[in-house]
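Reading through the structure tokens given below for one structure.
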Amino acid sequence: MAFLQTNEIFKNELSGNRHQLTEEEVKQVQKVSLEITRDVVQVCRKKKIAYMLTGGTALGAVRHGGFIPWDDDIDMVVTRKDIDRLLDALQEEYGDKYYIEAPLRTPGYLSSFIQIHKKGTIFQEYLFQEEKKCGIKIDIFVVENTYDNPLLRKLHGFNCELDLLLLSCYRMFAWRKEFYALAKGNKKASLVIRLKGAVGALLSPFSQMLYRRTQLCLKRCKNDESEYVAVPSGRKHFFGELCRRKEYLKSEEMSFEGENFLFPADYDTYLKNMYGNYMEIPPVEKREHHVIYRLEF
């Protein structure tokens, strides 16, 4: 499965004719991302919904006291039992300000995490995105319950990872013209994209069923008190982000850009699992950058 993962390829290798953000543009995007986060967190506090800032946001808080200087987005997690309540409250309170994309709520949406876009801005990463649906954004990942029984937990994880891979293959097929163009001249990327696209072509008649099946698989375990939880749609997928509930969901306030937000309390264990030696600043050529087609504030 690892061979068919394309996230790192797109982040690090395939810039095509897209624009890499300047240092000043990164700062402006960061400012908007922080604004979105403040509003979402304000709703979480008001509705007593537990959340944490995670991923590169947690890494930035620990290593830099705020954003990683070359990073421009914010990652958040919310538990399955609270996510619909949060999205409903955001729509009610900020429907005029933000556009929400969420699985099984947004027609035509094919991702498995949630994006909160600021209306009136444009942050176009792909050509197929509609202008009104690709504003500057933050990402929200759902913490899913999983089974305490080891066998059921492994089956759940395997099914989640397989379904997410198949869904990725379908997306590769659906958006193949753009991806083929971006991969031109890169043999490794072309091979992976064409291989995934071929699998996606076989799945295309069943795309809606596949998408629904994937989302139902992620939230299959209904036990909100299960010992284990996972973030299947996250950076390291189900097994890479599988933890005991009490350890993972324990949070504490930490300063980020001069403001206090909730982060994993045991950030050292969390960041080592996600990034290894997380205090080591990567060389310039290994830093992840967003490359986009269009940016408007």
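The values are calculated or read from the model by the stated rules, or taken from the named source; none is laboratory data. Computed from a predicted model, the values in this text were never measured in an experiment. In this analysis, Cβ positions are derived from the backbone assuming ideal geometry, glycine residues included, and neighbour counts consider all displayed protein chains. Accessible surface is based on the protein model in full, side chains and every heavy atom, while ligands, DNA and RNA are left aside. Shrake-Rupley method; radii C 1.70, N 1.55, O 1.52, S 1.80 Å.
Based on the Cβ-Cβ distance of residue 260 and residue 93, what FRET efficiency does E = 1/(1 + (r/R0)^6) give at R0 = 22 Å, to the nearest 0.05? Walk me through the intermediate numbers first.
Working: r = 21 Å, r/R0 = 0.97.
It comes out at approximately 0.55.
Which label marks the calculated value of volume of the Cα convex hull per residue in Å³, given the options (1) 172; (2) 131; (3) 115?
Identified label for the calculated read-out: (2).
For segment 49-54, what does the Karplus curve 6.51 cos²θ - 1.76 cosθ + 1.60, with θ = phi - 60°, yield as ³J(HN,Hα) per residue in whole Hz, taken in order and with x for Gly and Pro?
With the stated coefficients, segment 49-54 comes to 9, 6, 8, 8, 8, 9 Hz.
Could you tell me the calculated FRET efficiency between residue 195 and residue 148, based on Cβ-Cβ distance and R0 = 30 angstrom, to the nearest 0.05?
Working: r = 37 Å, r/R0 = 1.22.
Computed FRET efficiency for residue 195 and residue 148: 0.25.
In whole Hz and in residue order, list the ³J(HN,Hα) couplings for segment 234-242 that follow from phi through the Karplus curve 6.51 cos²θ - 1.76 cosθ + 1.60, θ = phi - 60°; x for Gly and Pro.
Ordered by residue, 3J(HN,Hα) equals x, 3, 10, 6, 4, 6, x, 10, 9 Hz.
Please provide three numbers in whole Å: the alpha-carbon extents of segment 217-283 along the principal axes, with the largest listed first.
39, 28, 16
Please turn the phi angles of segment 211-228 into ³J(HN,Hα) values with the Karplus equation 6.51 cos²θ - 1.76 cosθ + 1.60 (θ = phi - 60°), one per residue in order, whole Hz, x for glycine and proline.
5, 5, 4, 4, 5, 5, 5, 4, 9, 4, 7, 9, 7, 6, 10, 4, 5, 10
Using 0.36 nm per residue, how much length does the chain from residue 220 to residue 178 gain when fully extended, once their Cα-Cα distance is taken away?
Details: separation 42, 0.36 × 42 = 15.12 nm, distance 3.36 nm.
Separation in residues times 0.36 nm, less the Cα-Cα distance, equals 11.8 nm.
Take the solvent-accessible surface of the protein heavy atoms, probe 1.4 Å, and return the percent of it on segment 218-297 that carbon and sulfur atoms account for.
Details: 2220 of 4670 Å².
About 48 percent, which is the carbon plus sulfur part of the accessible surface.
From the square roots a ≥ b ≥ c of the eigenvalues of the alpha-carbon gyration tensor of segment 88-243, which class results: rounded (a/c under 1.5), prolate (a/b over b/c), or oblate? Please list the in-between numbers first.
Working: a/c = 2.01, a/b = 1.12, b/c = 1.80.
Note, shape of segment 88-243 comes out oblate.
Of the listed peptides 230-237, 174-181, what is their order by residue-averaged count of other C-beta atoms within 10 Å, with the highest listed first?
Details: 230-237: 21.8, 174-181: 16.0.
Packing proxy ranking, top to bottom: 230-237, 174-181.
Where is the GNM fluctuation largest for the chain (alpha-carbon springs, 10 angstrom cutoff): 113, 173, 158?
Most flexible of the set in this elastic network: 158.
Within straight cross-link reach of residue 272, meaning Cα distance under 24 Å, which lysines are found once same-chain residues fewer than 8 apart are removed?
11, 154, 236, 246, 250, 286
In nm, give the distance between the simple-model label positions of residue 268 and residue 111, each being 7 Å from the Cα along the Cα-to-Cβ direction.
Taking the simple label geometry, residue 268 and residue 111 are separated by 3.3 nm.
So, by mean Cβ neighbours within 10 angstrom, what's the order for 48-54, 264-270 with the highest one leading? Don't jump to the answer; show the numbers that get you there.
Values: 48-54: 20.1, 264-270: 17.6.
In decreasing order of mean packing, 48-54, 264-270 become 48-54, 264-270.
For residue 79, enumerate residues with amide H under 5 Å from its amide H, sequence gap 5+ or separate chain, H modeled in the peptide plane.
Here 143 satisfy the definition.
Hey, what's the chain come to in accessible area per residue, 1.4 Å probe, Å²?
Values: 14850 Å² over 297 residues.
Dividing the accessible area of the chain by its residue count gives 50 Å².
Within segment 26-134, how many lysine pairs that are 8 or more places apart, or on different chains, have C-alpha atoms less than 22 Å apart?
Going through segment 26-134 pair by pair, I get 25.
Using R₀ = 41 Å, calculate the FRET efficiency as 1/(1 + (r/R₀)^6) where r is the Cβ-Cβ separation of residue 155 and residue 249; round to 0.05.
Details: r = 23 Å, r/R0 = 0.57.
E between residue 155 and residue 249, to the nearest 0.05, is 0.95.
With each run of n ≥ 4 DSSP H residues scored as -39500 (n - 2.57), what mean residue ellipticity at 222 nm is computed for the chain after dividing by its residue count and rounding to the nearest 500 deg cm²/dmol?
Values: 11 runs with 135 residues, N = 297.
After summing the helix terms and dividing by the residues of the chain, the value is -14000 deg cm²/dmol.
Pairwise over distinct Cα atoms, reciprocal of the mean inverse distance: report the Kirkwood radius of segment 183-297 in Å, one decimal place.
Values: mean 1/r = 0.0539 Å⁻¹.
Averaging 1/r across every pair of different Cα atoms and inverting gives 18.5 Å.
So what is the relative contact order of the chain, in percent, for Cα pairs below 8 Å that sit 6 or more residues apart?
Working: 481 pairs, mean separation 77.0, N = 297.
Across the chain, relative contact order equals 26 percent.
For the chain, what is the percent of antiparallel DSSP beta bridges, rounded to the nearest 5? Let's see the in-between values first.
On the way: 29 of 34 bridges.
Antiparallel bridges: around 85 percent, rounded to the nearest 5.
I want to check the label-to-label distance for residue 165 and residue 24. Put each point 7 Å from Cα in the C-beta direction and report it in nm to one decimal.
Between residue 165 and residue 24, the simple spin-label model gives 4.6 nm.
Have a look at 96, 84, 139 and tell me which one the Gaussian network model of the chain (Cα, springs below 10 Å) gives the largest fluctuation.
Highest fluctuation of the listed residues: 96.
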